[in-house]
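The values are calculated or read from the model by the stated rules, or taken from the named source; none is laboratory data. The structure presented is a predicted model; accordingly, all values stated were derived computationally and were not measured. Don't worry about glycine lacking a Cβ; one is built from the backbone with ideal geometry, like all the others, and counts go over all protein chains shown. SASA here: full protein model, heavy atoms, side chains in, ligands and nucleic acids out. Shrake-Rupley method; radii C 1.70, N 1.55, O 1.52, S 1.80 Å.
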Amino acid sequence: MMLFYRKYGDPRNKTIVVLHGVLGLSDNWDNFGKRFAELGFYVIVPDMRNHGQSPHYETFNYKVMARDVRQVLDYEHITKCYVVGHSMGGKIAMMLAFENPQLVERLEVLDISPRKFDHPLQHLEFIAAMGNVDLKHVKRRADVEEQLEKYHFEKRVLLFLMKNLSFSHEHGFRWKPYLKSIYKNITEISKGLEDKGVYNGPTLFIRGGKSDYIVDKDIEQIEKQFTYYQLVTLPESGHWIHVDDPKGFMEATEKFLTPLTLRSE
């Protein structure tokens, strides 16, 4: 499948691919895409299948999503790149590295481990709330926001969900993600990658100090599958580390992804 994707910077530069999480959008990474481009990178940020402006399909798992990303890279004639992935996007990035180690030069995983998650993902609550909004009878974005407010989500979560709302004169208000497929396949997103491979390239895991998506007991598994890894903790951050601590995220990312020869003197 050919995904919709945004591009930043000069295609002649080293490529960074950024992969968003469940209910995320390429648009959410616009500021970081521009900042990476300013550092001298060519940046590709796709909407994953069933998200944003990319096609909708019933099949929704890490193997097919990694292959979707590979198709974008093939289309762009990219044979080596750095990959950054958050949450679900982090597991897609891991799968891409396992299956295409010659393609992924460096891997950065944001607040997700390769383990299976036994507890229901918080996103189930988000998907259910979005699905319960009566879009046929709303006339303004504020009407949708009012219906979501009754779930008492944090303000940042509410804004995150509202970015998935689209409007056209032909169809009215609609959700960009294919909620039915995401909900149906949420157990696929919870699955672990423990038996999917080993990646020997440089890998950085960044975890939020207030998040439980990477905990100390995960380190043993990470060491087995990522033989050349670093772990950075942003103590004041939750799961959305690039939102909670954008400065800490950028500092760790720039240090990891920017070769010494490209850094400013």
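Applying the selection to the stretch 143-156, what residues are open to solvent by less than 10 Å² (accessible area, probe 1.4 Å) and under 22 Å from GLN53 (Cα atoms)?
Selection gives VAL144 alone.
So if I check each of VAL69, VAL22, VAL17, which one is open to solvent by less than 10 Å² (accessible area, probe 1.4 Å), in contact with a Ser or Thr (Cβ under 9 Å, 6 or more places away or on another chain) and closer than 24 Å to PHE205 by Cβ?
Exactly one of VAL69, VAL22, VAL17 is open to solvent by less than 10 Å² (accessible area, probe 1.4 Å), in contact with a Ser or Thr (Cβ under 9 Å, 6 or more places away or on another chain) and closer than 24 Å to PHE205 by Cβ, namely VAL22.
Assuming ILE189 fulfils every condition listed in (1) surrounded by 13 or more Cβ atoms within 10 Å (Cβ to Cβ); (2) part of a helix (DSSP H, G or I); (3) of a type outside the set (Gly, Ala, Ser); (4) over 17 Å from the mean Cα position of the chain (by Cα) apart from one, which condition is it?
(4)
Only one of these conditions is not met by ARG115: (1) assigned to a helix (DSSP H, G or I); (2) among the charged types (D, E, K, R); (3) touching a residue at least 40 places away in the same chain (Cβ under 8 Å). Which number is it?
Among (1) assigned to a helix (DSSP H, G or I); (2) among the charged types (D, E, K, R); (3) touching a residue at least 40 places away in the same chain (Cβ under 8 Å), the lone unmet condition for ARG115 is (1).
Within the stretch 192-205, track down each residue that is within 14 Å of SER113 (Cβ to Cβ) and surrounded by fewer than 17 Cβ atoms within 10 Å (Cβ to Cβ).
Listed by number, the residues that qualify are GLY192, GLU194.
Looking at (1) open to solvent by 40 Å² or more (accessible area, probe 1.4 Å); (2) within 25 Å of LYS224 (Cα to Cα); (3) of a type outside the set (Lys, Arg); (4) in contact (Cβ under 8 Å) with a residue 40 or more places away in the chain, which is the only condition PRO55 fails?
(2)
If you scan the stretch 136-185, which residues turn out to be at pLDDT below 95, more than 30 Å from VAL64 (Cβ to Cβ) and β-branched (Val, Ile, Thr)?
VAL138 - this is the single residue of the stretch 136-185 that is at pLDDT below 95, more than 30 Å from VAL64 (Cβ to Cβ) and β-branched (Val, Ile, Thr).
Given the criteria over 30 Å from LYS184 (Cα atoms) and open to solvent by less than 10 Å² (accessible area, probe 1.4 Å), does GLY33 qualify?
yes
Report yes if ILE206 is in contact with a Pro (Cβ under 9 Å, 6 or more places away or on another chain) and outside any loop (DSSP other than H, G, I, E, B), otherwise no.
Criteria not met by ILE206.
Can you name every one of the strands (runs of 3 or more DSSP E) wholly within the stretch 1-95 that holds 2 or more residues which are farther than 24 Å from GLY197 by Cβ and either modelled with pLDDT of 95 or more or not acidic (Asp, Glu) (or both)?
5-8, 41-46
What number goes with the only condition from (1) more than 30 Å from TYR57 (Cα to Cα); (2) open to solvent by less than 60 Å² (accessible area, probe 1.4 Å) that LYS255 does not pass?
Every listed condition holds for LYS255 apart from (2).
Being under 22 Å from VAL243 (Cβ atoms) and open to solvent by 10 Å² or more (accessible area, probe 1.4 Å) is the filter here; which residues of the stretch 128-142 pass it?
ARG141
If you scan the stretch 241-265, which residues turn out to be modelled with pLDDT of 95 or more and not in a helix (DSSP H, G or I)?
ASP245
Pick from the stretch 209-237 the residues that are part of a helix (DSSP H, G or I) and free of Cβ contacts under 8 Å to residues at least 40 places away in the same chain: which of them is most open to solvent (accessible area, probe 1.4 Å)?
Filtering first and then ranking leaves LYS217.
If you take the residues of the stretch 78-123 that are under 23 Å from ASP10 (Cβ atoms) and among the charged types (D, E, K, R), which of them is least open to solvent (accessible area, probe 1.4 Å)?
GLU108
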